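Engineer: Let me give you the structure first, and then I'll get to my questions.
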Amino acid sequence: MTAVSAPPATTSFDLGPARALSCRECGHQTPLAPEYACMECFGPLEVAYDFGKIRREDIEAGPGSIWRYRGLLPVPSDVRSHPNTDPGMTRLVQADNLAKALGLRKVWVKDDTGNPTHSFKDRVVAVALAAARELGFKVLACPSTGNLANAVAAAAARAGWQSVVLVPSSLEQAKILMTAVYGGNLITVDGNYDDVNRLAQELAAEHEDWAFVNVNVRPYYAEGSKTLGYEVAEQLGWRLPDQIVVPIASGSQLTKVDKAFRELGTLGLVEQTPYRVFGAQATGCSPVSAAYKAGLDVVTPVRPDTIARSLAIGAPADGPYVLDAVRRTHGAIEDVTDDEVVEGIRLLARTEGIFAETAGGVTVATAKKLIDTGQLDPDAETVLLITGDGLKTLDALGNRVGPKANVPPSADAVLTALSDLRTAP
């Protein structure tokens, strides 16, 4: 956690406990502003805080959304008075059937499919929108692999803002339609996510009133992922899990969940017990996993080739910080094939009735692989982050699932089919 006891002079922005932006490389601090790169070393900036007294009872008395944690986020004190999608407080499912299938003693599934646009991206966008409004922006924008596009388009519509959303033209059709329905400016680009991201950075430099949530307001946006960690701890009765498995795209989610756990411990909201953080990637886009296995501190970009398109970021901005968090907590990073991703989706669905998108399949399949290779402790309490809804990635299932029989409209025919299925090898 970055904490500031004597921050530099700030502007008049009301961003709650946020007091400065701090470079993650050199530590140089600058006043709060729509900046994302350090002027001293060009390292990435993150929000630094001066937290006041935070009590469990005050959080518990708050709204049933991420705004119960507004005293820990870079958002205005009046954040609830402006239209937002109000995500968060999604269910934490005790997954005993999945635990048995995986060979784990205790498993919890943090099911973020219940957010307004059915992914965790609603959390980060809600924080980004609140900060962007305070910082004086007028348009909400993003480059996206899909879930972020949905969240930005919906949040902008709710707030009465215009939106500009850029996505690869190869994106799943469900995510394209789900973004387009909100009526914003959706533009498909011939290229992968890294191409789209470069284009967004160019546009952000040219349009000063456009808040590209994961570019020029990224330090604020990224803090929204902390709410996943806060909720897990609160829902466990204000304690930290022994180990947690987190999917990796840019890597920001993993680093911010780790940051949340450390903040909660420092503030005395939970006991500072040890925890291990594990990262999950698809083999077709696994630059962080490759760096971890090679013992490197530098992540070499790759060209993505995987059905897990929401994780298909070949040059993950937070890759080196993911490596730091995983190694510091004695976790690990693994990757799984597309076939394993599909099996992960099916395993979670048939054991717990939760239909995850491909990123969730990566998480479940990686957990299985980590157990098989002896890296996850089977006796430790484990949390799996499921960050998006399977209805967004139906194409990934192909012809692997479907009806088990087709019969005429006859009860006898149904019973015969069921009997045949029971006796089938």
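Engineer: When the range 177-217 is examined, which residues are found to be of a type in the set (Ser, Thr, Tyr) and in a strand (DSSP E or B)?
Structural biologist: Of everything in the range 177-217, just one residue is of a type in the set (Ser, Thr, Tyr) and in a strand (DSSP E or B), namely Thr188.
Engineer: Residue by residue through the range 280-313, note down the ones that are among the small types (Gly, Ala, Ser) and at pLDDT 95 or above.
Structural biologist: Correct list: Ala280, Ala282, Gly284, Ser286, Ser289, Ala290, Ala291, Ala294, Gly295, Ala308.
Engineer: To continue, here is another question. Mind listing just one residue for me: the one in the range 348-364 that is touching an Asp or Glu at 6+ places or on another chain (Cβ under 9 Å), open to solvent by less than 10 Å² (accessible area, probe 1.4 Å) and not in a strand (DSSP E or B) and, of those, farthest from Thr145 (Cα to Cα)?
Structural biologist: Among them, the one singled out is Ile354.
Engineer: While we're looking at this one, here's another question. Among what's in the range 375-390 and is farther than 30 Å from Glu172 by Cβ and in contact with a Leu (Cβ under 9 Å, 6 or more places away or on another chain), pick the residue that is most open to solvent (accessible area, probe 1.4 Å).
Structural biologist: Here is the first cut: in the range 375-390, the ones farther than 30 Å from Glu172 by Cβ are 375, 377-381.
Adding the requirement that they be in contact with a Leu (Cβ under 9 Å, 6 or more places away or on another chain) leaves 377-381.
On the way: Asp377: 64, Pro378: 54, Asp379: 105, Ala380: 10, Glu381: 16 Å².
That would be Asp379.
Engineer: Is it the case that some residue within the range 231-239 is closer than 30 Å to Glu60 by Cα and polar (S, T, N, Q)?
Structural biologist: yes
Engineer: Any idea which residue in the range 41-62 is nearest to Glu271 (Cα to Cα), counting only those that are in a helix (DSSP H, G or I) and within 25 Å of the chain's Cα centre (by Cα)?
Structural biologist: Kept after step one, since they are in a helix (DSSP H, G or I), are these residues of the range 41-62: 56-60.
Filter again for within 25 Å of the chain's Cα centre (by Cα), leaving 56, 59-60.
On the way: Arg56: 13, Ile59: 17, Glu60: 17 Å.
The residue in question is Arg56.
Engineer: Take the residues in the range 354-389 that are free of Cβ contacts under 8 Å to residues at least 60 places away in the same chain and out of contact with any strand residue (DSSP E or B) (no Cβ under 9 Å at 6 or more places or on another chain), then tell me which one is farthest from Gly284 (Cα to Cα).
Structural biologist: Gly374
Engineer: Would you confirm whether or not the range 391-405 contains a residue that is surrounded by fewer than 24 Cβ atoms within 10 Å (Cβ to Cβ), among the basic types (Lys, Arg) and free of Cβ contacts under 8 Å to residues at least 24 places away in the same chain?
Structural biologist: Checked the range 391-405: at least one residue is surrounded by fewer than 24 Cβ atoms within 10 Å (Cβ to Cβ), among the basic types (Lys, Arg) and free of Cβ contacts under 8 Å to residues at least 24 places away in the same chain.
Engineer: Could you grab me the full set of residues in the range 252-302 that are within 21 Å of Gly52 (Cβ to Cβ), open to solvent by 20 Å² or more (accessible area, probe 1.4 Å) and assigned to a helix (DSSP H, G or I)?
Structural biologist: Residues satisfying the conditions are Arg262, Thr266.
Engineer: Working only within the range 340-394, note down all residues that are modelled with pLDDT of 95 or more and of a type in the set (Ser, Thr, Tyr).
Structural biologist: Residues satisfying the conditions are Thr351, Thr358, Thr363, Thr366, Thr373, Thr382, Thr387.
Engineer: Do the conditions hold for Thr85, that is, is it in a loop (DSSP other than H, G, I, E, B) and in contact (Cβ under 8 Å) with a residue 24 or more places away in the chain? Please lay out each step first, then the result.
Structural biologist: Working: in a loop (DSSP other than H, G, I, E, B): yes; in contact (Cβ under 8 Å) with a residue 24 or more places away in the chain: yes.
Yes; evaluated as a whole, the condition is true for this residue.
Yes or no, residue by residue, for (1) under 22 Å from Leu228 (Cβ atoms); (2) open to solvent by 10 Å² or more (accessible area, probe 1.4 Å); (3) free of Cβ contacts under 8 Å to residues at least 24 places away in the same chain; (4) among the aliphatic types (A, V, I, L, M):
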| residue | (1), (2), (3), (4) |
| --- | --- |
| Pro116 | yes, yes, no, no |
| Leu140 | yes, no, no, yes |
| Ala157 | no, yes, no, yes |
| Val164 | no, yes, no, yes |
| Leu177 | no, yes, yes, yes |
| Gly184 | no, yes, no, no |
| Ile187 | no, yes, yes, yes |
| Val196 | no, no, no, yes |
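Engineer: Hey, another quick one. Step by step: first the residues of the range 134-168, then only those that are closer than 15 Å to Ala200 by Cα and polar (S, T, N, Q), then the one that is modelled with the highest pLDDT. Which residue is that?
Structural biologist: Ranking the candidates gives Ser163 first.
Engineer: Being open to solvent by 50 Å² or more (accessible area, probe 1.4 Å) and not charged (D, E, K, R) is the filter here, so list the residues in the range 60-88 that pass it.
Structural biologist: Within the range 60-88, Ala61, Gly64, Ser77, Ser81, His82, Pro83 qualify.
Engineer: Within the range 309-319, is even one residue open to solvent by 10 Å² or more (accessible area, probe 1.4 Å) and more than 17 Å from Asn197 (Cβ to Cβ)?
Structural biologist: Looking for residues that are open to solvent by 10 Å² or more (accessible area, probe 1.4 Å) and more than 17 Å from Asn197 (Cβ to Cβ), one finds none in the range 309-319, hence no.
Engineer: Need the failing condition index for Lys100 against (1) more than 30 Å from Arg350 (Cβ to Cβ); (2) basic (Lys, Arg); (3) exposed (fewer than 13 other Cβ atoms within 10 Å of the Cβ); (4) at pLDDT 95 or above, just the number.
Structural biologist: Result: Lys100 fails condition (1) only.
Engineer: Quick one: Arg218 ticks every box in (1) within 23 Å of Asp305 (Cα to Cα); (2) open to solvent by less than 70 Å² (accessible area, probe 1.4 Å) except a single one, so which number is it?
Structural biologist: (1)
The values are calculated or read from the model by the stated rules, or taken from the named source; none is laboratory data. Small disclaimer: the values here were computed from a predicted structure and weren't measured. Every residue, glycine among them, receives a Cβ derived from its backbone with ideal geometry; neighbour counts consider all protein chains shown. Note: areas computed on protein heavy atoms with side chains; ligands, DNA, RNA excluded. Shrake-Rupley method; radii C 1.70, N 1.55, O 1.52, S 1.80 Å.
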